[in-house]
1. From the cross-link list LYS136/LYS353; LYS270/LYS303; LYS15/LYS270; LYS47/LYS69, which pairs have alpha carbons spaced over 26 Å apart?
2. Only loop residues by DSSP count here, and only those with at most 15 other Cβ atoms within 10 Å; note down the trypsin sites (Lys or Arg not before Pro) in the range 11-94 that meet that.
3. Return a whole-number percent for the relative contact order of the chain, with Cα pairs under 8 Å and 6 or more residues apart as the contact set.
4. Return the percentage of antiparallel bridges among DSSP beta bridges fully within the chain, rounded to the nearest 5 %.
5. Which pairs in the list LYS101/LYS235; LYS98/LYS235; LYS159/LYS455; LYS95/LYS427 are over 32 Å apart, alpha-carbon to alpha-carbon?
6. What GluC sites (Glu not before Pro) in the range 329-397 are in a loop by DSSP, with at most 13 other Cβ atoms within 10 Å of the Cβ?
7. With only Lys, Arg, Asp and Glu charged, each at its Cβ (+1 for the first two, -1 for the last two), find how big the charge dipole of the chain is about the Cα centre; round to the nearest 20 debye.
8. Suppose every K and R has +1 on its Cβ and every D and E has -1 on its Cβ; what is the size of the dipole of the range 7-51 about the Cα centre, in Debye to the nearest 20?
Amino acid sequence: MPKDTIIYIPIEAPKRELTSKTMLATRLAKAGYTTILFEHSFFDRHKWKMPGLYLGKNFFRYEKSKTNKSWYNEMKKSKIDIWYLDEEAGIFPGKDPKSWKIFLDERIDINNLSSKDKILVWGRWQKEHWIEKTNKHEEKNIIITGTPHYDMLQTKYHKYFREFDLNTTGNLENYILINTRFSLVNSHPRLGRKAVEKFYLDAEESFKKFNKEKFSSLIFKEETFLIKNFIELAKYLSENFTDKNIVLRAHPDEGSERYKNELSAHKNIKVISEGGIDSWIRLSDCVIHNGCSTAIQADFAKKKVISYLPSDGGLNFYVTTPGLPNMIGFLAKTNEDVKEAIKNPVYKQSKQKWESTFSEENTIEKIASMVEEFYPEDKTSSMNIFKNLKIKYFMVNIKEFLKDILRPIFKKPKVIFPYEEFYNIMKISSTTSNIYDTKISVNKLARGAIVISPK
């Protein structure tokens, strides 16, 4: 039966979030709910005009300050319930939860949330930490759910995504996948160096709590060292596995030109940046990384993981590196170690390393069941909900239409949010509807907002 409650799910980085959140929206549609997937600032700019439930983190945004509550207060005035869900709340610098908790606290002060809000956490240590820190939230409202963009990589979903994945990779499969994360020394032109530097400077205060050196200067040295080693590793693997494709996938915040220029002579190396990382992981033979969350995603997918940790000569670069990913799979210090790990036919999943950080694997089902429990009413048809939304946001479409007409006359503004990638929801939803064996309607509400509802 259709449900009254609208579910609002923000999208900040489509390459990271789009597939998993489309899966969640589809599962909710099967249960009768209308869900809006939207560019994360859409309703802050265009107002919250219908009540509902917000599943996300972007109500305290960095545009003003980490503690500014103006957007949050507007949501509350508009009768938006909030369930805090942060897709970046598990992988932090340092080697253990003691240091990870420092960075977790920088993500949000949960005491700024209403006692009626729910806090959805990835795993046990996050829940234990926040129970200890809070002065207003009951333990029952701090709930271990895991995170959707790890859940989606479980092997039970692979067969459903195969056609979609092959389309994403251009029919490449069974390749060696190298994931990089060196955005400070190799920034994407879309962001620019200054924006990336600001991100790292924001982490300075947290880092000072367990290290005297400057975080930004240390990470610059580390990335300079690592990017050189990763390029050399790619060349080495190209020459030692001539019958294999080597796919080097730069982080979404990285540029790809440096890799293309330095690796152009190696014909079996493909430097790519398009598509969600989930597709590239699912069709790979193995994943090579350093300090990258994709290590744990690949382990979820039961792919061989190789953590490449070239010796830094005692310079202690790795103090800035997220420690948990580098505990996963084979640990390789040299190019030869990587080669032997690739050849090794035996691989054991590293679940014991990550299960206290990711303590619930079936996140999408868990969250959907919670929504059904707390919002069980069924009154309004999903078609009527969509019609109401279209009426309320009619002027948004008119304004966008006029902007499109006038835009060629004026200087083209810099667009940071990748809208073209965002609209891949249309393609992904055909796969997710098969996963849940349900019929859904997928409609554009306005630029940067897609509605998924039961058909």
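1. Details: LYS136/LYS353 32 Å; LYS270/LYS303 20 Å; LYS15/LYS270 18 Å; LYS47/LYS69 15 Å.
Long pairs (Cα-Cα over 26 Å): LYS136/LYS353.
2. Values: sites: LYS15, ARG16, LYS21, ARG27, LYS30, ARG45, LYS47, LYS49, LYS57, ARG61, LYS64, LYS66, LYS69, LYS76, LYS77, LYS79; in loops: LYS47, LYS49, LYS57, ARG61, LYS64, LYS66, LYS69, LYS79.
When the trypsin sites (Lys or Arg not before Pro) of the range 11-94 are filtered for loop state and at most 15 Cβ neighbours within 10 Å, LYS47, LYS49, LYS64, LYS66, LYS69, LYS79 remain.
3. Working: 785 pairs, mean separation 110.5, N = 455.
So the answer I get is 24 percent.
4. Values: 12 of 52 bridges.
Taking every DSSP beta bridge within the chain, about 25 percent pair in antiparallel fashion.
5. Working: LYS101/LYS235 38 Å; LYS98/LYS235 38 Å; LYS159/LYS455 24 Å; LYS95/LYS427 39 Å.
From LYS101/LYS235; LYS98/LYS235; LYS159/LYS455; LYS95/LYS427, over 32 Å: LYS101/LYS235; LYS98/LYS235; LYS95/LYS427.
6. Details: sites: GLU336, GLU340, GLU355, GLU360, GLU361, GLU365, GLU372, GLU373, GLU377; in loops: GLU355, GLU360, GLU361, GLU377.
Here the GluC sites (Glu not before Pro) that fit, given the DSSP loop and packing criteria, are GLU355, GLU377.
7. Values: 75 positive and 59 negative charges, 255 e Å.
The dipole of the chain has a size of about 1220 debye.
8. It works out to roughly 120 debye.
Coordinate-derived values only; no laboratory data. No experiment lies behind these values; they were computed from the predicted model shown. Cβ: placed from backbone, ideal geometry, glycine included. Neighbour counts: every protein chain shown.
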